[in-house]
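> Below are the structure tokens for one structure; questions will follow.
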Amino acid sequence: MATINGHYLSVAEETPEFAVDVTDQPVEKEVDVSDHVQRKLRNMSITGTVVEDAAKIERFLKTAVDQGEVVRYVGRTTFSGLITSFTPTRTYRNATGFDFSITIKEVRFASSSYVKDLPLPLKAQVAKIVNSGTKQKKSNKKSEKKTTTKKTAKATTTKKTSKKAKEQVQKVKFKPGSPWAD
């Protein structure tokens, strides 16, 4: 006697299948080289007979297939998975029940990668920012002094360089409570 989620079955044969994928790479001479093996999901075929409570067990098996319910089979082999096929067969030998063939496939469920809180950013161990560069200020057209035509080109260039020398460097400031604030 075996059970699927507590429903008794008379199982005649269990056939577990253990398969793998092997990748082959062609080479110039001789045979291909196999360089990787990956396990496939396991399958198990079950054949047997149901005699008692046949209608109830058949109804359960049909709903388990239709709704994709994960079942646990316990017989000579213990196996959990989804029933991928259920084939009942009615013959003259079993008047009160039916013969059946079931295939169960192992399943794996992916877990969510959702994270409730992200970790704080890590600080790199580097020197503090002293000079973040200069910012160009917008010039006021009204406050600009008009240069007279008598001045030479040399005099106007010296005034522009002296303006740049007078600008002060501004440091970058972070909001208080920010992970980057010192």
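> Could you go through region 98-105 and let me know if any residue there is over 19 Å from A19 (Cβ atoms), in a strand (DSSP E or B) and not aromatic (F, W, Y).
Yes, because at least one residue in region 98-105 is over 19 Å from A19 (Cβ atoms), in a strand (DSSP E or B) and not aromatic (F, W, Y).
> Return the residue satisfying two criteria in turn: it lies in region 1-54 and is polar (S, T, N, Q) and touching a residue at least 24 places away in the same chain (Cβ under 8 Å), and of such residues it is surrounded by the fewest Cβ atoms within 10 Å (Cβ to Cβ).
Quick first cut of region 1-54, residues polar (S, T, N, Q) only: 3, 5, 10, 15, 23, 25, 34, 38, 43, 45, 47, 49.
With touching a residue at least 24 places away in the same chain (Cβ under 8 Å) added as a condition, the list becomes 3, 5, 10, 15, 43, 45, 47, 49.
Working: T3: 14, N5: 13, S10: 14, T15: 11, N43: 17, S45: 14, T47: 15, T49: 17.
Ranking the candidates gives T15 first.
> Looking only at residues that are aliphatic (A, V, I, L, M) and within 13 Å of the chain's Cα centre (by Cα) in region 105-134, which one is modelled with the highest pLDDT?
From region 105-134, those aliphatic (A, V, I, L, M) are 107, 110, 115, 118, 120, 122, 124, 126-127, 129-130; that's our starting set.
Imposing the further condition that a residue be within 13 Å of the chain's Cα centre (by Cα) reduces the set to 110, 115.
Values: A110: 85, V115: 74.
By that ranking, first place goes to A110.
> Just to verify a result, which residue in region 74-121, among those that are touching a residue at least 12 places away in the same chain (Cβ under 8 Å) and aliphatic (A, V, I, L, M), is surrounded by the fewest Cβ atoms within 10 Å (Cβ to Cβ)?
Taking region 74-121 as the starting set, the residues that turn out to be touching a residue at least 12 places away in the same chain (Cβ under 8 Å) are 74-77, 79-89, 94, 96-108, 120-121.
Adding the requirement that they be aliphatic (A, V, I, L, M) leaves 74, 82-83, 102, 104, 107, 120.
On the way: V74: 14, L82: 16, I83: 21, I102: 23, I104: 25, V107: 13, L120: 7.
For region 74-121, the residue satisfying everything is L120.
> Quick check on my filter: what residues within region 59-96 are in contact with a Gly (Cβ under 9 Å, 6 or more places away or on another chain) and over 21 Å from T15 (Cα atoms)?
Scanning region 59-96 gives a single hit, R90.
The values are calculated or read from the model by the stated rules, or taken from the named source; none is laboratory data. Note that this is a predicted model, so its numbers are computed, not measured. Note that each Cβ is placed from the backbone with ideal geometry, even for glycine, and that neighbours are counted across all protein chains shown.
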